[in-house]
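Here's the structure, in structure tokens; my notes come after.
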Amino acid sequence: MPSHKLLPPKFAAIVEAEKEITRFLSDPCGRLALSYHESAHAIQFRRFGVETKYSGPVVSHDCPTDKFTACYGAVQVRDADYLRLAAEPEKLARVLVAGEIAEIVLIGKTDEGTADSDLSDFLIFAKGRPSELLLVWKRTREAYLRELSADLNQQREIVHLAALFEEEIFGTDRSVRETSNTPAEIAAA
Ligand SMILES: [Zn+2]
């Protein structure tokens, strides 16, 4: 974000967004859902030959609206790759429905509104009339729900990638946490 935004009176908005991130990160269920969600997006992007990386957690600033939002962690791709996929709505839909569907299949539920931004992205970037695009979205969502429910290997792939995502984004390194700072070690130090 531009450095001038760090100056008052914007400061309160940033602090609020940072608090929101802290609240979110202290909730293991939310973190897990997000990890599955973003990893599922990543796997689909990669299947279409799109390179991905992870970012977050960050507070980001939207210049047109001058709003600060908290992003807990997300998969990112190059704009050019995204637009290339958007030229083929079926492909972009598949990538974008995958997050919510992974939560439904792997956790058994999803929080309301989880897929809202995915759907609005789809309607903004995919080429086509809104009514047709909504149909593509609905069809793709149903097909991927059936596919992932029946595909244990793909479920495993998401879980595996989600663990890497959690480690990268939230710094959750279980191997370290489990072997250090036990009471005995602290006492011996
Ligand atoms: Zn998503």
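Each value in this text was obtained by applying a stated rule to the coordinates, not by laboratory testing. Small disclaimer: the values here were computed from a predicted structure and weren't measured. Please note: Cβ atoms are built from the backbone with ideal geometry, for glycine as well, and neighbour counts cover all protein chains shown.
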Exercise. Considering only Val50, Cys63, Val136, whose Cα is most displaced toward the positive end of the charge dipole of the chain, charges sitting on Cβ of Lys, Arg (+1) and Asp, Glu (-1)?
Worked result: Val136
Problem set entry | Relative contact order [Cα under 8 Å, 6+ residues apart], region 9-167, whole percent | 27 percent
Problem set entry | Dipole-positive endmost among Ala33, Gly108, Pro89 within region 9-167 (Cβ charges, Cα centre) | Pro89
Problem set entry | Total charge dipole magnitude, the chain, about the Cα centre, Cβ charges on Lys, Arg, Asp, Glu only, Debye to nearest 20 | 380 debye
Exercise. To the nearest 500 deg cm²/dmol, what mean residue ellipticity at 222 nm is calculated for the chain from DSSP H runs of n ≥ 4 alone, each contributing -39,500 (n - 2.57), summed and divided by the residues?
Worked result: -21000 deg cm²/dmol
Problem set entry | Lys pairs under 20 Å by Cα in region 9-167, provided they are eight or more residues apart or on distinct chains | 8
For this session: Indicate the helices, whole DSSP H runs only, in the chain that combine a mean Kyte-Doolittle hydropathy of -0.5 or more with a Cα extent along their long axis of 15 angstrom or more.
Result: 11-25, 28-47, 89-107, 130-150, 152-170
